[in-house]
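Worksheet: the structure to be examined is printed underneath.
The values are calculated or read from the model by the stated rules, or taken from the named source; none is laboratory data. Since this is a predicted model, take the numbers as computed values, not measurements. Note: ideal-geometry Cβ built from the backbone for every residue, glycine included; neighbour counts use all protein chains shown.
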Amino acid sequence: MDNKHLGSDFNDFLAEQGILEECTASAVKAVLAMELADTMKAEHITKSTLVKRMHTSRSQLDRILDPNETGTSIDSLVRAAAAMGRHLDIRLA
């Protein structure tokens, strides 16, 4: 018996709506922001300490950690990771 409710997946739906790239960017940034925040917590690194290590401003760090701010540069993400002794690994799938 064929299920009439089976069809395209959610990515197909987002593509049809013209928002797949926007949603993907938002999801990726949310995951990165969460991983950075989790690392800060696990390593007991405060925002003030990270700002000093990165030689940046508190507002810039807040943008990096904001899951909704998709305009964050790769350079900023790399510097944040490096300031915590980590590295950023980006891959195409």
### Task
Select from region 59-75 the residues that are outside any loop (DSSP other than H, G, I, E, B) and in contact with a Ser or Thr (Cβ under 8 Å, 6 or more places away or on another chain) and list them in ascending order.
Gln60, Arg63, Ile64
### Residue identified as exposed (fewer than 12 other Cβ atoms within 10 Å of the Cβ) and at pLDDT 95 or above among His44, His5
His44
### Query
Would you pick out the residues in region 40-55 that are touching a residue at least 12 places away in the same chain (Cβ under 8 Å) and either in a helix (DSSP H, G or I) or in contact with a Cys (Cβ under 6 Å, 6 or more places away or on another chain) (or both)?
Met40, Lys47, Leu50, Arg53, Met54
### Message
Looking at (1) surrounded by 12 or more Cβ atoms within 10 Å (Cβ to Cβ); (2) touching a residue at least 12 places away in the same chain (Cβ under 8 Å), which one does Glu35 not meet, given that it meets all the others?
### Response
(2)
### Task
Look through Arg58, Arg53 and report the one residue that is at pLDDT 95 or above, of a type in the set (D, E, K, R) and surrounded by 12 or more Cβ atoms within 10 Å (Cβ to Cβ).
Arg53
### Message
Of the residues Ala82, Ala93, only one is among the aliphatic types (A, V, I, L, M) and either part of a helix (DSSP H, G or I) or at pLDDT 95 or above (or both); which?
### Response
Ala82
